[in-house]
Amino acid sequence: MTPPKRLTLDGTADLLRWEPGAGATAATGDEVTAWRSAYERRLEERLGERVAAHPEAYEAVARALGVLPARVRTRFLRAPSVATLVLRDSGGTEIDAGLLEEALARELTVTGLLAPPPSGRTVWNVRGDRSLPQVPDGLRAVDPLPGLDVAVDTASPFRFPDGAFGLTAGTVPYGEERLATVVERLRGAARILTGLGGPARYVETFAQVVAVRQEPEGARRFHSSSFSGLAGCCRLTNAHLPHVTPALLAEALVHEATHGRLYLYEELREPFLRRADANDRAVTSPWTGATIRLQSFLHACAVWYAVHWFWVRSRDAGLCPEAEADARTALARTGFRRDPAGTLLRAHAPVLTGSARNLLEQLRAATAAVVAG
């Protein structure tokens, strides 16, 4: 299949500067709309290929999809847990078709197009933001965030694929009191993003499902995470902690949306690494000191550039405390001074694809300009 022509990383550094003004916001909107449309076409094409190749196995899937209204069908296919089933062969034809059929049954149930199971058990939709019957805690289904079209997953049973560098103890849903705190902070984050314009459109395209969870015990640090193979899914962990502000949550959404955009590119165009085993290389982040994989480090060069400019624009627009913005931009510049993009180009050139080199060369020049001031 020929990749969509408009899906390109050219101009990434320009996009992630979040230039203010209606024209810049419109340009960002055009860019993310092109990516979203390309992704939706790929999902429909890939599903069509599966149905055509295995009509008997996918008969129930095709029939159920035909029942969904067009907008609901598109949102269903773009849900990260569904898209990964459509784009990747996970367990063979029968298993993949069965998983899609089960996901469709849940979606049809929650949207009222299929009778709920007689057992009365809770059924969650594929985006994790609605259930039937409603979980008794009224805060479980979060009302839409102001001006930001993302699904907030507060308690679905989705299992996050934490790996060696993830939260090895896992995460759990919030209780009512802490969840109320997190939701209020998320609303503040949404107001910041919509106040900037372009970043809001960017986040709702590349971080379309935002899960909020906490560590089961001993929570001390706020974490945000996204996952290769689940483009568009991010998790905010321990957002209830006292130091977590609405602006820090807005940063986290920009951060994970940037990962989401790059994961999406790798899914649809080409990976950044020539060999899968190259991602086993562990490196130290110049921004956080954390040990991360090579793919994550490459992404981080773009992520921290986006984050730096998010804080600059938020401070200039009066949408966040100046001291907080100054501290976060200083942290971003500290990492840039170590020339992370250049380090990748020098130390790992044999395993980088052309797309990776193109992205890193853009970011090397752009971050050098930031450091030069």
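The values are calculated or read from the model by the stated rules, or taken from the named source; none is laboratory data. It should be emphasised that the depicted structure is a prediction, and the values quoted were computed from it without experimental measurement. Cβ coordinates were reconstructed from backbone atoms using ideal geometry, including for glycine residues, and neighbour counts include every protein chain displayed. Each accessible area value is taken on the protein alone, full model and side chains, heavy atoms only, with ligands, DNA and RNA left out. Shrake-Rupley method; radii C 1.70, N 1.55, O 1.52, S 1.80 Å.
Anything in region 341-364 that is of a type in the set (Gly, Ala, Ser) and over 20 Å from residue 259 (Cα atoms)? List them, or say none.
The initial filter retains those residues of region 341-364 that are of a type in the set (Gly, Ala, Ser), namely 341-342, 347, 349, 354-356.
Hits for region 341-364 are 347, 349.
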Report summary line: Among (1) touching a Leu at 6+ places or on another chain (Cβ under 6 Å); (2) of a type in the set (D, E, K, R); (3) under 30 Å from residue 156 (Cβ atoms), residue 256 falls short only on (1)
Report summary line: Within region 302-321, the residues that are farther than 14 Å from residue 250 by Cβ and among the aromatic types (Phe, Trp, Tyr) are 304, 305
Requested in this report: Could you tell me which numbered condition residue 297 fails, if it satisfies all but one of (1) among the hydrophobic types (A, V, I, L, M, F, W, C); (2) touching a helix residue (DSSP H, G or I) at 6+ places or on another chain (Cβ under 6 Å); (3) in contact (Cβ under 8 Å) with a residue 24 or more places away in the chain?
Outcome: (2)
Report task. Please give the number of the condition residue 96 fails out of (1) under 27 Å from residue 193 (Cα atoms); (2) crowded, with 20+ Cβ neighbours inside 10 Å. Result -> (1)
Query raised in the report: Within region 143-156, restricting attention to residues that are part of a loop (DSSP other than H, G, I, E, B), modelled with pLDDT of 85 or more and not aliphatic (A, V, I, L, M), which residue is most open to solvent (accessible area, probe 1.4 Å)?
Result: 149
Report task. Mind telling me which of the residues 63, 50, 78 ends up being open to solvent by less than 50 Å² (accessible area, probe 1.4 Å), among the basic types (Lys, Arg) and more than 25 Å from the chain's Cα centre (by Cα)? Result -> 50
Query raised in the report: Taking region 210-239 as the region of interest, how many residues are open to solvent by 10 Å² or more (accessible area, probe 1.4 Å), among the aliphatic types (A, V, I, L, M) and within 15 Å of residue 253 (Cα to Cα)?
Result: 1
**Report entry** Residue under evaluation residue 287, criteria (1) at pLDDT below 95; (2) part of a loop (DSSP other than H, G, I, E, B), criterion not met
**Finding:** (1)
**Report entry** residue 77 at pLDDT 90 or above and either closer than 16 Å to residue 51 by Cβ or in contact with an Asp or Glu (Cβ under 7 Å, 6 or more places away or on another chain) (or both)
**Finding:** yes
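Give the number of residues within region 175-200 that are out of contact with any Pro (no Cβ under 9 Å at 6 or more places or on another chain), surrounded by fewer than 23 Cβ atoms within 10 Å (Cβ to Cβ) and touching a residue at least 60 places away in the same chain (Cβ under 8 Å).
Residues of region 175-200 that are out of contact with any Pro (no Cβ under 9 Å at 6 or more places or on another chain), as a first pass: 175-178, 180-183, 195, 199-200.
Okay, now just the ones that are also surrounded by fewer than 23 Cβ atoms within 10 Å (Cβ to Cβ), so 175-178, 180-181, 183, 195.
Checking which are touching a residue at least 60 places away in the same chain (Cβ under 8 Å) leaves us with 178, 195.
Of the residues in region 175-200, 2 are out of contact with any Pro (no Cβ under 9 Å at 6 or more places or on another chain), surrounded by fewer than 23 Cβ atoms within 10 Å (Cβ to Cβ) and touching a residue at least 60 places away in the same chain (Cβ under 8 Å).
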Query raised in the report: In region 355-369, which residues are within 22 Å of the chain's Cα centre (by Cα) and without any contact (Cβ under 8 Å) to a residue 60 or more places away in the chain?
Result: none
Query - Every residue from region 335-353 that is under 25 Å from the mean Cα position of the chain (by Cα) and under 14 Å from residue 300 (Cα atoms) - result: 335, 336, 340, 341, 344
Report task. Say whether the condition of being of a type in the set (Val, Ile, Thr), free of Cβ contacts under 8 Å to residues at least 60 places away in the same chain and over 10 Å from residue 97 (Cα atoms) is met by at least one residue in region 37-55. Result -> no
Requested in this report: Please identify the pairs in which a residue from region 327-351 that is in contact (Cβ under 8 Å) with a residue 12 or more places away in the chain has its Cβ atom under 6 Å from the Cβ atom of a residue that is among the hydroxyl-bearing types (Ser, Thr, Tyr) and part of a helix (DSSP H, G or I), counting only partners at least 6 apart or on another chain.
Outcome: 336/367
**Report entry** When residues of region 252-279 are limited to those that are hydrophobic (A, V, I, L, M, F, W, C), surrounded by fewer than 21 Cβ atoms within 10 Å (Cβ to Cβ) and at pLDDT below 95, the one farthest from the chain's Cα centre (by Cα)
**Finding:** 278
Report summary line: When residue 315 is run through (1) under 22 Å from the mean Cα position of the chain (by Cα); (2) of a type in the set (Lys, Arg); (3) over 23 Å from residue 7 (Cβ atoms), the failure sits at (1)
